[in-house]
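**Student:** The structure is given below, and queries will be raised subsequently.
What follows is calculated from the coordinates using simple rules that are stated; it is not laboratory data. Note that the structure is a prediction, hence the values are computed from the model and not measured. We place every Cβ from the backbone using ideal geometry, glycine too, and count neighbours over all the protein chains shown.
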Amino acid sequence: MQRVIGIVLGAVVTYLILLLMDATSGEATIRYGLAVVIGAVVSLLWPWVIGFFLVRRAKQRRENQIDKEVDKRMSEKG
């Protein structure tokens, strides 16, 4: 599943870059090559980016739970 998502993301990024750079004019080979390389990099790096955001989210949730517990115990002492 991870490979399929990576391939799809890489293809979408490649397509968008080709649209933005107007690969039909000028030095098309360089533009196609650049789009393919950037698409390949995106398809390889997307799990790390998603993992980074998921770890940050989990850490924030854990900190929120700790804060709630501290508030609860402080109010009980109160």
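**Student:** Quick one: would you say I17 is in contact (Cβ under 8 Å) with a residue 40 or more places away in the chain, β-branched (V, I, T) and part of a helix (DSSP H, G or I)?
**Tutor:** Answer is no for this residue.
**Student:** Condition test on A58, is it part of a helix (DSSP H, G or I), out of contact with any Phe, Trp or Tyr (no Cβ under 9 Å at 6 or more places or on another chain) and surrounded by 12 or more Cβ atoms within 10 Å (Cβ to Cβ)?
**Tutor:** It is false that A58 is part of a helix (DSSP H, G or I), out of contact with any Phe, Trp or Tyr (no Cβ under 9 Å at 6 or more places or on another chain) and surrounded by 12 or more Cβ atoms within 10 Å (Cβ to Cβ).
**Student:** Let me ask you something else. So which residues in the range 13-32 are surrounded by 12 or more Cβ atoms within 10 Å (Cβ to Cβ) and either farther than 21 Å from Q2 by Cβ or among the hydrophobic types (A, V, I, L, M, F, W, C) (or both)?
**Tutor:** Result: V13, L16, I17, L18, M21, A23, A28, R31, Y32.
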